[in-house]
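The values are calculated or read from the model by the stated rules, or taken from the named source; none is laboratory data. Predicted model only: the values in this text are computed from it and were never measured. In this analysis, Cβ positions are derived from the backbone assuming ideal geometry, glycine residues included, and neighbour counts consider all displayed protein chains. Heads up: the accessible areas ignore ligands, DNA and RNA and are worked out on the full protein's heavy atoms, side chains in. Shrake-Rupley method; radii C 1.70, N 1.55, O 1.52, S 1.80 Å.
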Amino acid sequence: MSLVISDELVKASGFSENELFWEIVLMLFQQDQISLGKASELLGLHRMQFQ
């Protein structure tokens, strides 16, 4: 599944596309919606780097 976020929303957020992606992943992790392993995988980091 893919999620498309409009350029307008990206601009309104004040973040770059990459920064917005990071913010979404971090928010999902903090809300216990995704695991540490999944968050680090999505961000391309090793678990220790993410922690």
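Listed by position, the helices (runs of 4 or more DSSP H) enclosed by the stretch 4-51 that each have at least 3 residues that are of a type in the set (F, W, Y) are 17-30. Restricting L42, L3 to residues that are surrounded by 10 or more Cβ atoms within 10 Å (Cβ to Cβ) and not basic (K, R) narrows the list to L42.
So, in the stretch 23-39, how many residues would count as being more than 18 Å from M1 (Cα to Cα) and either open to solvent by 90 Å² or more (accessible area, probe 1.4 Å) or in contact (Cβ under 8 Å) with a residue 24 or more places away in the chain (or both)? Break it down stepwise before answering.
Just the residues of the stretch 23-39 that are more than 18 Å from M1 (Cα to Cα), to begin with: 23, 26-27, 29-32, 35-37.
If we keep only those that are either open to solvent by 90 Å² or more (accessible area, probe 1.4 Å) or in contact (Cβ under 8 Å) with a residue 24 or more places away in the chain (or both) as well, we get 30-32.
Of the residues in the stretch 23-39, 3 are more than 18 Å from M1 (Cα to Cα) and either open to solvent by 90 Å² or more (accessible area, probe 1.4 Å) or in contact (Cβ under 8 Å) with a residue 24 or more places away in the chain (or both).
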